[in-house]
Amino acid sequence: MNVIEGVIATPEARIAIAIARFNHFINDSLLEGAIDALKRVGQVKDENITVVWVPGAYELPLATRALADSKKFDAVVALGTVIRGGTAHFEYVAGGCSTGLSRVALESVLPVAFGVLTTESIEQAIERAGTKAGNKGAEAALAALEMINVLKAINA
Ligand code: INI
């Protein structure tokens, strides 16, 4: 039996973080968690981490596509926060973001980690940005590193 499992530590990885400015007070904590996980757990070098800011979560797929096409990165970590309001806007922004990001990953065969919070309230978002429900930015960063190594092992 052959079992493929990706390790996390990836000292030579070049990682792009695409991050939305909208709700930046929450996204800043996702970014902090992602960078901490990349460096402390993943052993990624500071100079190999590139952070790209975009206006909102809706713009994350396009930036991620450009980063993928540049061939300069081994994975992209997408970070943002979409909080449900009183209109259908949430569905369009969150749906466009998640569908777009998965499309980029599949078309580019590049790990794209989904560190985008989609919550009913600001409280739920805060809980997932480094307080009682962990830090989804850190989780996404580790998922990106693991997938780099899973793809490497599949192709070895
Ligand atoms: N962008 C977000 O990242 N989060 C949100 O909660 C949000 N809401 O609620 O509107 C949001 N809107 C902006 C959107 O991502 C685009 O930047 C904008 O529509 C311009 O294309």
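So which of 81, 99 is in contact with a strand residue (DSSP E or B) (Cβ under 8 Å, 6 or more places away or on another chain) and of a type in the set (Val, Ile, Thr)? If you could, list the steps in order and put the result at the bottom.
Working: 99 fails: in contact with a strand residue (DSSP E or B) (Cβ under 8 Å, 6 or more places away or on another chain).
The unique qualifying residue is 81.
Name the residues in the stretch 18-53 that are of a type in the set (Val, Ile, Thr), open to solvent by less than 40 Å² (accessible area, probe 1.4 Å) and more than 13 Å from the chain's Cα centre (by Cα), would you?
26, 44
Only residues in the stretch 94-109 that are closer than 15 Å to residue 84 by Cα count as the first member; pair them with residues that are polar (S, T, N, Q) and not in a helix (DSSP H, G or I), Cβ under 7 angstrom, at least 6 apart or cross-chain, and list the lot.
94/118
Output the residues belonging to the stretch 124-133 that are modelled with pLDDT under 95 and open to solvent by less than 60 Å² (accessible area, probe 1.4 Å). Can you show your working first?
Kept after step one, since they are modelled with pLDDT under 95, are these residues of the stretch 124-133: 130-133.
Across the stretch 124-133, the qualifying residues are 130, 133.
Out of all the residues in the stretch 58-111, which are over 20 Å from residue 27 (Cα atoms) and touching a Lys or Arg at 6+ places or on another chain (Cβ under 7 Å)?
Matches in the stretch 58-111: 72, 73, 74, 104.
For the condition among the hydroxyl-bearing types (Ser, Thr, Tyr), farther than 19 Å from residue 138 by Cβ, away from the ligand (no atom under 12 Å from the Cβ) and modelled with pLDDT of 95 or more, what is the one hit in 102, 121, 29?
Working: 121 fails: away from the ligand (no atom under 12 Å from the Cβ); 29 fails: farther than 19 Å from residue 138 by Cβ.
Going through 102, 121, 29 in turn, just one is among the hydroxyl-bearing types (Ser, Thr, Tyr), farther than 19 Å from residue 138 by Cβ, away from the ligand (no atom under 12 Å from the Cβ) and modelled with pLDDT of 95 or more: 102.
Count, please, the residues in the stretch 41-88 that happen to be more than 11 Å from the ligand (Cβ to nearest atom) and of a type in the set (Ser, Thr, Tyr).
3
With respect to residue 37, is the statement that it is under 18 Å from residue 137 (Cβ atoms) and in contact with a Cys (Cβ under 6 Å, 6 or more places away or on another chain) true?
On the way: under 18 Å from residue 137 (Cβ atoms): yes; in contact with a Cys (Cβ under 6 Å, 6 or more places away or on another chain): no.
Here the answer is no, as residue 37 does not meet what is asked.
Could you list, in sequence order, all residues of the stretch 125-156 that are touching a residue at least 40 places away in the same chain (Cβ under 8 Å), of a type outside the set (A, V, I, L, M) and within 16 Å of the ligand (Cβ to nearest atom)?
Hits for the stretch 125-156 are 136, 137.
The values are calculated or read from the model by the stated rules, or taken from the named source; none is laboratory data. Keep in mind that this is a model prediction, so the values were computed, not measured. Cβ: placed from backbone, ideal geometry, glycine included. Neighbour counts: every protein chain shown. Side chains included, ligands, DNA and RNA excluded: accessible areas come from the protein's heavy atoms. Shrake-Rupley method; radii C 1.70, N 1.55, O 1.52, S 1.80 Å.
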